[in-house]
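Reviewing the structure listed below.
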Amino acid sequence: MQLQQVSSAAADGCGFSVWRTAPALSVWLCAFGLVVSCSSTIQPAPADARSAQTPAPTVVTNASPIEVPLAPSVALLPRQLVATGLANPRGMYLQSDGSLLVAVAGTGDPKDPLTGGILRLHDANGDGDFDDPDERKALLDRQPSRNLFDLVRRDEVFGMSGMAFGGGELLVSLANFGGPSKLFSISGDAVQPWSNTSGNVNDLDYDARRKVWVGVASTTDELVELPPGGRAQRIAKFPPLQSGQDAVPAYLHYDPYSGDVLVTLFSGSPEGEEGGKGVELIARAASIVSVHAETRSVTPAVVALTVPTDLELDPQGAIYVLEFCDAFIEPITSREQMQAGPLHGGFKRFSGRLLRVDRINRTVSVVAQGLDAPTNLTLANGYLYIAQGMGTPGRLIPRPDGTSAPLTGFIERIKL
């Protein structure tokens, strides 16, 4: 069956030290062909960037799942570095004045556990980045930030996370590992509590067909409905995957072509989150599934992914999905080990990539590679913004050329 877009509104969805490392990072990325830097100005987005997209005429949404080939075609797109020195950037939203809102999860330092927040980045001088003096403003600070290495033996920081616009509201989640989570609404420069809920809501989006907010809770493997001011209500519980590992729903996106919700299943360790050495995750075991809320049916949409994180849809209905890394290596057993020298820290640095899944022609291509632990993605004005650099800021990590550099969070954008 071929489905047209469900409704014209269905595309709705969308206080720390700043390190001055942009030139060094940009030069290094360029040296390895990983970024094409330019000085184009950050353009404003429409008031609702996602709903301004023109829908594809026809997208097949209930065919057999699309399998990511072992060696997909490569069609790299130019990349521009637009923000550096961020403490674990996560959800993003481009506003109508061209400013970029960014949720930052913080440093994960137990000596200073309140380093998360929300920033407004504004390209005041029109040079195409947000790295100059007075181009950043904290809208919310002193939010909880936690590194989970003591549980998962990987350098993973939890805190402020997903951000999305829909139904006239802009929401952002604070994902406490194991819960509870807190949701905030943003209006102008004001940030107000919207809801508290059990579980860790790592990402959220607006279901325009049913006119409700939905989220994913990775520690309980659930897709949930998020009522304002109330407790989350389960829509679907994801069962263990083929090798017995937890599904770990990581991110989601409302699909205007089916009226369902697309969810990335990151895939956990067969040994459990607190078992094994922290590097047992299985390559090509993850997927994107399509969830129909009323029937609670879960249908594979894209399979053979490796630890996928965030996803976006373009006006042609194609799915863009991030893969966090391609290998899990050098797990962490102590904070002292993490700071002792260059260390991958549980996942291979600079091995992530961005895939484009064409649902009309059923093809998969690589449009960006060499990404450093990418977590979040947002599409606005024909650009994809990619948040990268998960982990402990400042610790040394290996680079592809065999040297090392301090870990830093940063954002790149790709022109489609």
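The values are calculated or read from the model by the stated rules, or taken from the named source; none is laboratory data. Treat the numbers as computed from the prediction; the structure is a model and nothing was measured. Neighbour counts are summed over all protein chains in view; Cβ atoms, including those assigned to glycine, are modelled from backbone coordinates with ideal geometry.
Scan the range 62-82 for residues that are over 13 Å from Lys415 (Cα atoms) and either in contact with a Cys (Cβ under 6 Å, 6 or more places away or on another chain) or among the charged types (D, E, K, R) (or both) and jot them down.
Passing the criteria: only Glu67.
Go through (1) buried (at least 23 other Cβ atoms within 10 Å of the Cβ); (2) among the polar types (S, T, N, Q); (3) over 19 Å from Phe149 (Cβ atoms) and name the single condition Thr375 misses.
Exception for Thr375: condition (3).
What is the one condition in (1) crowded, with 24+ Cβ neighbours inside 10 Å; (2) modelled with pLDDT under 95 that Gly116 does not satisfy?
Here Gly116 clears every test but (2).
How many residues does the range 159-172 hold that are in a loop (DSSP other than H, G, I, E, B) and closer than 25 Å to Thr392 by Cβ?
Matching residues across the range 159-172 total 1.
Starting from residues that are modelled with pLDDT under 95 and surrounded by fewer than 22 Cβ atoms within 10 Å (Cβ to Cβ), keep the ones in the range 339-359 and report whichever is nearest to the chain's Cα centre (by Cα).
Gln339
Could you tell me whether any residue of the range 71-78 is closer than 22 Å to Pro406 by Cβ and modelled with pLDDT of 95 or more?
Among the residues of the range 71-78, not one is closer than 22 Å to Pro406 by Cβ and modelled with pLDDT of 95 or more, which makes the answer no.
Taking only pairs six or more apart or across chains, which ones have beta-carbon atoms under 9 Å, a first residue in the range 179-203 that is among the basic types (Lys, Arg), and a second residue that is surrounded by fewer than 15 Cβ atoms within 10 Å (Cβ to Cβ)?
From the range 179-203, the pairs are Lys182/Pro193.
For the subset of the range 365-378 comprising residues that are touching a Lys or Arg at 6+ places or on another chain (Cβ under 7 Å) and not polar (S, T, N, Q), which member is farthest from Ala164 (Cα to Cα)?
The qualifying residue farthest from Ala164 (Cα to Cα) is Val366.
Select from the range 85-113 the residues that are buried (at least 24 other Cβ atoms within 10 Å of the Cβ), assigned to a strand (DSSP E or B) and either touching a Gly at 6+ places or on another chain (Cβ under 8 Å) or among the small types (Gly, Ala, Ser) (or both) and list them in ascending order.
Leu86, Pro89, Arg90, Gly91, Val102, Ala103, Val104
Which of the residues that make up the range 300-311 are part of a strand (DSSP E or B) and crowded, with 22+ Cβ neighbours inside 10 Å?
Ala301, Val302, Leu305, Pro308, Thr309, Asp310, Leu311
Can you tell which of Gly276, Gly259, Gly229 is small (Gly, Ala, Ser), in contact with a Lys or Arg (Cβ under 9 Å, 6 or more places away or on another chain) and more than 27 Å from Val152 (Cα to Cα)?
Gly259
Within the range 351-397, which residues are outside any loop (DSSP other than H, G, I, E, B), in contact with an Asp or Glu (Cβ under 9 Å, 6 or more places away or on another chain), within 19 Å of Gly85 (Cα to Cα) and not hydroxyl-bearing (Ser, Thr, Tyr)?
Residues satisfying the conditions are Leu371, Asn376, Leu377, Ile386, Ala387, Gln388, Ile397.
Any residue that is in contact with a Gly (Cβ under 8 Å, 6 or more places away or on another chain), among the basic types (Lys, Arg) and farther than 21 Å from Ala175 by Cβ - is there at least one of those in the range 315-336?
no
In the range 103-119, which residue that is more than 17 Å from Thr309 (Cα to Cα) and among the hydrophobic types (A, V, I, L, M, F, W, C) is farthest from the chain's Cα centre (by Cα)?
Checked the range 103-119; the qualifying residue farthest from the chain's Cα centre (by Cα) is Leu114.
Please work out which residue is surrounded by the most Cβ atoms within 10 Å (Cβ to Cβ), limiting yourself to the range 129-171 and to residues that are in contact with a Gly (Cβ under 6 Å, 6 or more places away or on another chain) and aliphatic (A, V, I, L, M).
Looking at the filtered set, the residue picked out is Met160.
Give Arg142, Arg120 a once-over and let me know the one that is more than 22 Å from Asp203 (Cβ to Cβ), outside any loop (DSSP other than H, G, I, E, B), in contact with a Leu (Cβ under 6 Å, 6 or more places away or on another chain) and not hydroxyl-bearing (Ser, Thr, Tyr).
Going through Arg142, Arg120 in turn, just one is more than 22 Å from Asp203 (Cβ to Cβ), outside any loop (DSSP other than H, G, I, E, B), in contact with a Leu (Cβ under 6 Å, 6 or more places away or on another chain) and not hydroxyl-bearing (Ser, Thr, Tyr): Arg142.
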